[in-house]
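Presented below is the structure to which this report refers.
The values are calculated or read from the model by the stated rules, or taken from the named source; none is laboratory data. Note that the structure is a prediction, hence the values are computed from the model and not measured. Neighbour counts run over all protein chains shown; Cβ positions are idealised from the backbone, glycine included.
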Amino acid sequence: MLANVREAAQLMAVTVHVLTARNRNEIDNGFADIARRQVDGLLVMSDPIVISERARLVALAARHSIPAIYQTRELPVAGGLMSYGSNISGLYHQLSTIAGRVLKGVKPTDIPVEQPTKYELVINLKAAKSIGLAIAPSLLARAHEVIE
């Protein structure tokens, strides 16, 4: 995914700074670095630390007035600006179907790898307003969910 981000950024003449965080301290240090660099936006790729520290991530992005987009709807629901990613409940359904097939005796190696097929855009207007960001009506019209 990072390769795709870098490629898109290059086409748009945008500089990408990659920060990684494996724990709470690294999240704090990452935001200190973001503040020093005066970045214009933040793309947060989802992993277990992001989900477990979502309230902290959302609060830090708001405190620094950084527009951030996340991969799962849990972050805009927790107060983040927006998310665009696969539907987690759909993924769990897909996972349970695969688990059921394995329990019925199908070899895991015989089950094809599947990609998510449903993506959703969630926008939190309250978060946008708090950082002074206007969301274009055309983008709002495309959102699957708008949190007011």
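Can you find a residue that is in contact with a strand residue (DSSP E or B) (Cβ under 9 Å, 6 or more places away or on another chain), over 19 Å from Lys129 (Cβ atoms) and modelled with pLDDT under 95 anywhere in the range 3-14?
Within the range 3-14, one or more residues are in contact with a strand residue (DSSP E or B) (Cβ under 9 Å, 6 or more places away or on another chain), over 19 Å from Lys129 (Cβ atoms) and modelled with pLDDT under 95.
Looking at the range 111-126 only, could you name the residues that are part of a strand (DSSP E or B) and out of contact with any Leu (no Cβ under 7 Å at 6 or more places or on another chain)?
Tyr119, Glu120, Leu121, Val122, listed by residue number.
Give just the number: which of (1) modelled with pLDDT under 90; (2) under 23 Å from Val18 (Cβ atoms) does His93 not satisfy?
Failed condition: (2).
Would you mind finding the one in Ala21, Ala9, Ala99, Ala35 that is part of a loop (DSSP other than H, G, I, E, B), farther than 25 Å from Ile147 by Cα and not polar (S, T, N, Q)? Reasoning before the result, please.
Details: Ala9 fails: part of a loop (DSSP other than H, G, I, E, B); Ala99 fails: part of a loop (DSSP other than H, G, I, E, B); Ala35 fails: part of a loop (DSSP other than H, G, I, E, B).
Just a single option satisfies the conditions, and that option is Ala21.
Being assigned to a helix (DSSP H, G or I), over 25 Å from Met1 (Cα atoms) and more than 17 Å from the chain's Cα centre (by Cα) is the requirement here; does Ala141 meet it?
Yes.
Within the range 43-96, how many residues are hydrophobic (A, V, I, L, M, F, W, C), assigned to a helix (DSSP H, G or I) and surrounded by fewer than 20 Cβ atoms within 10 Å (Cβ to Cβ)? Spell out the reasoning first.
If we filter the range 43-96 for residues that are hydrophobic (A, V, I, L, M, F, W, C), which is where we start, we get 43-45, 49-51, 55, 57-62, 66, 68-69, 75, 77-78, 81-82, 88, 91, 95.
The next check asks that each one be assigned to a helix (DSSP H, G or I); those that pass are 49-51, 55, 57-62, 75, 77, 88, 91, 95.
Now narrow it down to the ones that are surrounded by fewer than 20 Cβ atoms within 10 Å (Cβ to Cβ): 49-51, 55, 59, 62, 77, 88, 91, 95.
Residues that pass the stated criteria total 10.
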